[in-house]
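Here is the structure we will look at, set down as structure tokens.
Laboratory data are not the source of any read-out in this text; all were calculated from the coordinates shown. What you see is a predicted model; the values in this text were computed from it and never measured. Cβ coordinates were reconstructed from backbone atoms using ideal geometry, including for glycine residues, and neighbour counts include every protein chain displayed.
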Amino acid sequence: MTGVGTAPNHDVTFTLTTGGFVEIFKADAAGQGLTFLTSSGSLGVGGPYSVSLGAAVTTNNVVAATVTDGTNNTSAFSNTVIVP
């Protein structure tokens, strides 16, 4: 996952190794989801995909994501990204 863009259109871009819904969170110091921000619609394997975080974040916030597949299995949190 990478952060792209500048305020007010902060975006994160990512690829998926499994299809599903991506949920993006503000992350705590350990890189775990602290505050839910947004989710994508159903996405297939591949990408790159981009999700706008808009005004939900500010520059230098740290975000992480999970993906939940069609059988409701949720991944570990992604690497964290600093919002540009």
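Worth a mention:
- Peptide ranges 14-24, 31-41 listed from the most packed, as the mean C-beta count within 10 angstrom indicates: 14-24, 31-41
- Diffusion of region 2-82 by Stokes-Einstein, at 10 °C in a medium of 1.306 mPa s and with Rh set to the Kirkwood radius over alpha-carbon pairs, works out to 126 µm²/s.
- In Hz, Karplus ³J(HN,Hα) per residue of region 9-24 (6.51, -1.76, 1.60; θ = phi - 60°; x = Gly, Pro): 9, 4, 10, 10, 10, 7, 10, 10, 8, 9, x, x, 9, 9, 10, 10
- In sequence order, region 72-84 has phi-based couplings of 6, 8, 10, 6, 5, 5, 5, 4, 7, 10, 8, 5, x Hz under the Karplus curve 6.51 cos²θ - 1.76 cosθ + 1.60, θ = phi - 60°, and Gly or Pro positions carry x.
- Full-stretch length increase - Thr58, Thr18 - with 0.36 nm per residue and alpha-carbon distance subtracted: 11.5 nm
- Remark: region 49-54, residue by residue, has Karplus-estimated 3J(HN,Hα) of 10, 9, 10, 7, 9, x Hz, where x stands for each Gly or Pro and the curve is 6.51 cos²θ - 1.76 cosθ + 1.60 at θ = phi - 60°.
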